[in-house]
Amino acid sequence: RCLLKMVKENIVVPEEILNFCCNGLQGSTSPLRAHSPGEQEEAPEAMASPSPPGNPTEVQMSQLVLPCHTNHRGELSTGQLLKWIDTAACLSAERHAGCPCVTASMDDIYFEHTISVGQVVNIKAKVNRAFNSSMEVGIQVSYEDLCSGKHCSICKAYATFVAQGSPGSKVKLKPLTPQTEEEKIEHSIAAERRRMRLVHKDTLKDLLSRSPRETELETRDGSVAVPAEKTRVESVELVLPPHANHQGNTFGGQIMAWMENVATIAASRLCHAHPTLRAIEMFHFRGPSQVGDRLVLKAIVNNAFKNSMEVGVCAEAYGQEMSVSRKHINSAFMTFVVLDQEGRPRTLPMVAPEPGDGERRYREASARKKIRLDRKYVVSCKQTEVPLSVPWDQSNKVYLSYNNVSALKTLIAKANWALAREKEKVRMYTLEEDKFLSFRIEMSVHVAADQAFSLLSDLRRRHEWDSHYASAELVQQVDDDDMIYHVVSQTLSSENKPQDFVILASRRKPCSKGDPYVVAFRSVTLPTHPASASFTRGETLCSGFCIWPESEEMSKVAYYNQATPGYLNYVTTNVAGLSSNFCATFEACEKFLLKNKEDLIIRL
């Protein structure tokens with residue numbers, strides 16, 4: 001408490017006191033502890049309780065926020081936080097790789113709260129999944145108030161690290177085996193996040209290609225547009241040894257901190273106030289820089305919306321010779337707000353973009369805002385917060401596909417599935433949660449996994465084995481892996497009308513050895529297929545197939561469904577043993593697969 005009081009009052013804390021406090025927190029014997037005659041000092045090993053076995057890649061970091069870490073408001077600088085995040089993530093990646101690693105990218109980060117002087121930042125980082133030479137590291141950041149004992153989440157981030165071997169050689173990473181339910185979910189969904197990163201640029205280009213070419217400036221009452229050129233910032237930094245990591249390259253966290261600094265200055269020039277950073281859109285490291293390089297950091301306000309603004313920032317590197325062209329090593333987009341006395345976002349001035357590149361950046365900022373809203377709404381929301389049917393369009397197709405597959409993978413990875421019924425080869429399991437009753441039906445079939453995947457992913461053939469399906473029409477081929485169907489069911493609703501569904505089907509082949517084939521289904525809405533008076537519009541939240549290869553000719557096929565209220569009575573009737581409809585349907589599915597596998601081989 002004395003230490004916290006000194007920190008809050010900006011009193012310089014002697015190094016001896018800091019070392020003593022840190023040693024005490026680590027559980028080492030206090031140098032001031034008195035020993036009675038004949039008493040021997042206990043060994044640190046005897047004092048420390050054995051920690052339970054956990055993820056070997058997990059790294060935990062705790063940092064006390066001192067005045068030197070804060071901004072003018074006494075709040076932790078976001079740049080300093082980014083340094084700590086990158087350090088913890090790098091240490092986790094290197095634990096798994098067993099060799100040096102570098103930051104390749106950092107996904108979107110949304111900051112929920114600020115952190116004050118005297119509070120403690122707790123960072124937990126661990127590898128979610130290892131691919132060939134890259135790996136995804138998940139980072140959770142929270143703060144702790146030592147006086148009140150309050151804990152609060154700050155942000156969650158995902159970083160991609162690449163293992164560095166000898167020059168010219170690639171390091172093949174060993175696979176990571178998840179242990180807990182949470183780790184299995186993160187491991188499974190990591191492949192979907194990787195897929196989303198790779199198509200992010202294409203999503204932006206596609207959205208811009210369908211938007212008007214002319215730049216339409218927003219008008220606000222009593223507001224005069226500020227030329228974007230007035231917000232431009234350019235600053236140079238000399239990379240010194242303290243800025244480098246243990247490999248001699250410029251520390252990624254330091255580059256991110258410098259970028260945040262110039263972005264904050266650019267935002268301040270627009271609003272003439274002290275802005276607060278709310279979100280960062282993917283840092284992407286394009287190349288390394290070394291000690292002795294000069295880093296040129298550029299920032300400009302791309303667009304100002306009513307209560308927020310986007311600042312584009314990039315970093316370029318060059319050596320001592322100015323004749324050598326600069327290397328573009330990093331870029332990011334940061335969203336700032338300006339808060340009033342009550343903590344509410346203020347209305348911001350408008351921005352007048354420069355002709356040419358300025359107008360392009362202005363339009364791209366608007367497109368990125370829509371993508372951020374789609375992504376935050378569809379991807380970041382908890383599953384219970386997302387409505388059953390989300391409107392589908394070109395701009396959110398990537399995120400709806402991600403949500404579709406990740407929701408099914410999350411259901412697959414859940415623990416506590418209970419065997420409810422077993423009839424011959426068919427087994428039925430249930431999972432009871434607070435708001436959902438989910439079921440799983442599985443059986444082994446004498447069909448190769450890739451053949452079963454191909455046959456079951458085409459909903460147009462579902463009626464051949466599922467008596468509940470009357471027809472399924474392919475209404476839109478989104479891409480090779482995503483299709484939208486209009487499905488008509490044989491089941492009559494309470495209004496004595498057949499049900500119909502508009503379903504997004506997302507299929508995924510295994511990302512690496514040991515992964516299953518996945519076909520996920522969820523309801524969406526299409527303007528071309530509104531609800532009709534002839535049908536009762538039904539909805540499915542999360543369902544689909546998971547197919548595991550057991551041998552070259554055998555596979556285990558499992559169907560999952562998170563039952564919606566309209567489907568619940570049908571599920572519970574089968575679970576209670578009052579009906580064998582599920583089992584009969586799955587046996588028909590096996591006959592369908594066996595009958596059609598030969599035809600499929602011939603076609604292939």
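Observations, loosely collected:
- Within the stretch 111-164, the residues that satisfy the criterion of being open to solvent by 20 Å² or more (accessible area, probe 1.4 Å) and charged (D, E, K, R) are Glu112, Lys124, Lys126, Glu144, Asp145, Lys150, Lys156.
- Output for the stretch 371-401, where each listed residue is open to solvent by 20 Å² or more (accessible area, probe 1.4 Å), at pLDDT 80 or above and closer than 23 Å to Lys156 by Cα: Val398
- Selection within the stretch 532-584: residues that are under 20 Å from Ser401 (Cα atoms), modelled with pLDDT of 90 or more and among the hydroxyl-bearing types (Ser, Thr, Tyr). The member of this set that is surrounded by the most Cβ atoms within 10 Å (Cβ to Cβ) is Tyr560.
- Odd one out for Ala263, checked against (1) modelled with pLDDT of 95 or more; (2) assigned to a strand (DSSP E or B); (3) under 26 Å from the mean Cα position of the chain (by Cα); (4) not hydroxyl-bearing (Ser, Thr, Tyr): (2)
- Entry remark, the stretch 103-138: residues being aromatic (Phe, Trp, Tyr) and at pLDDT 95 or above number 0 in total.
- Residue match in the stretch 510-517 (condition: among the hydroxyl-bearing types (Ser, Thr, Tyr), within 30 Å of Lys172 (Cβ to Cβ) and in contact with a strand residue (DSSP E or B) (Cβ under 9 Å, 6 or more places away or on another chain)): yes
- Matching option when the condition is among the hydrophobic types (A, V, I, L, M, F, W, C), open to solvent by less than 50 Å² (accessible area, probe 1.4 Å) and not in a strand (DSSP E or B), among Ala452, Ala472: Ala452
- Tally of residues being more than 21 Å from Ser105 (Cα to Cα), among the small types (Gly, Ala, Ser) and part of a strand (DSSP E or B) across the stretch 289-338: 1
- Checking each residue of the stretch 102-111 against the condition of being farther than 21 Å from Ala190 by Cα, more than 18 Å from the chain's Cα centre (by Cα) and part of a strand (DSSP E or B) gives no match.
- Within the stretch 79-99, not a single residue is part of a strand (DSSP E or B) and either free of Cβ contacts under 8 Å to residues at least 60 places away in the same chain or under 18 Å from Ala279 (Cα atoms) (or both).
- Qualifying residue in the stretch 415-428 (condition: out of contact with any strand residue (DSSP E or B) (no Cβ under 9 Å at 6 or more places or on another chain) and of a type in the set (Asp, Glu)): no
- In the stretch 165-179, the qualifying residues are those that are in contact (Cβ under 8 Å) with a residue 40 or more places away in the chain and more than 15 Å from Phe131 (Cβ to Cβ), and the one that is least open to solvent (accessible area, probe 1.4 Å) is Gly165.
- For the stretch 282-301, taking the residues that are in contact (Cβ under 8 Å) with a residue 60 or more places away in the chain and within 25 Å of the chain's Cα centre (by Cα), the one that is nearest to Val239 (Cα to Cα) is identified as Pro288.
- Any chance Gln320 is touching a residue at least 12 places away in the same chain (Cβ under 8 Å), over 25 Å from the mean Cα position of the chain (by Cα), more than 22 Å from Lys156 (Cα to Cα) and open to solvent by 10 Å² or more (accessible area, probe 1.4 Å): yes
The values are calculated or read from the model by the stated rules, or taken from the named source; none is laboratory data. Predicted, not measured: the structure shown is a model, and the values here were computed from it. Note that each Cβ is placed from the backbone with ideal geometry, even for glycine, and that neighbours are counted across all protein chains shown. In case anyone asks, the SASA skips ligands and DNA or RNA and just uses the protein heavy atoms, side chains included. Shrake-Rupley method; radii C 1.70, N 1.55, O 1.52, S 1.80 Å.
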